[in-house]
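Notes follow once the structure below has been shown.
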Amino acid sequence: MRLVILDRDGVINEDSDDFIKSPEEWIPIPGSLEAITRLCREDYRVVLATNQSGVARGLFDMDTLNQIHLRMLDQIRQKGGEIDAIFFCPHGPDDGCDCRKPKAGMFRDIADRLHINITGVPVVGDSLRDIQAAQVVDALPILVLTGKGKKTLDNMGKDEIKGMAVFEDLYAFSEALIAGQLDGRISDVITLSDSYPVD
């Protein structure tokens, strides 16, 4: 099984400091739906792992979250792509759960449910907690510069970026993966977009 794990907000759709609270607020980032479609056509299974603390904060309920995801799935399917499964954490930062990134509970759940070893599996996110959660399970952390990605990169230290690849957006990542540029583990190498040239 070839698997890719994606964060949602800031990777597939535009992020908001006020949270995505309704289907109407879910707006895809240009190229993200096409990226998912390309991955599917290359026989990658695409799975989401997303923190959704807006549920715990009372900003939206589970029914609304489901409606947001139905809108997302509908738009992806219109492009010919598919999301195989959506894993999410509805808890707040003080709830003490094991599933809220940067903890790795969601990733372990993905591994258990899909019966797969996720060592080296690409995990695409725009925040430090996405990267940290991937590193805990020895997955391959990928940072995209959409959403909070540029701010995340600017605030990261050298130790935090070891073994991490960086791309302009999800579409650029999908191109590199399909071209075989991420085969095997990346060790102490950063693949930066043209905006962030390698030293």
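None of the figures in this text is laboratory data; all of them are computed from the coordinates on show. All figures in this text were calculated on a predicted structure; none of them were measured in a lab. So basically every Cβ, Gly included, is an ideal-geometry build from the backbone, and we count neighbours across all protein chains shown.
Descriptive notes on the structure:
- No Cys partner within the rule (Cβ under 4.7 Å), the chain: CYS40, CYS97
- Taking amide H positions as modeled 1.01 Å from N, with prolines and chain starts lacking one, no residue 5 or more places away or on another chain lies under 5 Å from THR146.
- Centre separation in Å (Cα based) which lies between segment 77-96 and segment 16-34: 13
- Every helix of 4 or more DSSP H residues in the chain counts as -39500 (n - 2.57), and over all residues that averages to -9000 deg cm²/dmol at 222 nm.
- HN-Hα J in Hz across segment 26-37 - Karplus 6.51, -1.76, 1.60, θ = phi - 60°, x for Gly and Pro: 7, 10, x, 6, x, x, 5, 5, 5, 5, 5, 4
- Largest first, the three principal axis extents of the alpha carbons in segment 47-92 are 34, 17, 10 Å in whole numbers.
- Mean Cα-pair separation over length for segment 2-178, i.e. relative contact order, pairs under 8 Å, 6 or more apart, %: 25
- Table column - 3J(HN,Hα) (Hz), segment 113-130, Karplus curve with 6.51, -1.76, 1.60, x for Gly and Pro: 6, 8, 6, 9, 8, 9, 4, x, 6, x, 10, 9, x, 10, 10, 4, 5, 5
- Close amide-amide hydrogen proximity is noted between ASN13 and ILE29, each under 5 Å apart and 5 or more residues distant or on a separate chain (H modeled in the peptide plane; Pro and chain starts excluded).
- For the chain, the C-alpha radius of gyration sits at 0.95 times the compact-globule guess of 2.2 N^0.38 Å, with N the residue count.
- Only alpha carbons enter this Debye calculation for segment 139-182, each as an equal point scatterer, and the log10 of I(q)/I(0) it gives at q = 0.15, 0.18, 0.33 Å⁻¹ is -0.37, -0.52, -1.19.
- Paramagnetic reach from CYS97 (point 7 Å along Cα→Cβ, amide N under 17 Å) across segment 61-84: 61-69
- Dipole moment magnitude, nearest 20 debye, the chain about Cα centre, only Lys, Arg, Asp, Glu C-beta charged: 360
- All-pairs Cα distance distribution in segment 1-97, expressed in whole percent, bin size 10 Å: 16, 50, 28, 7
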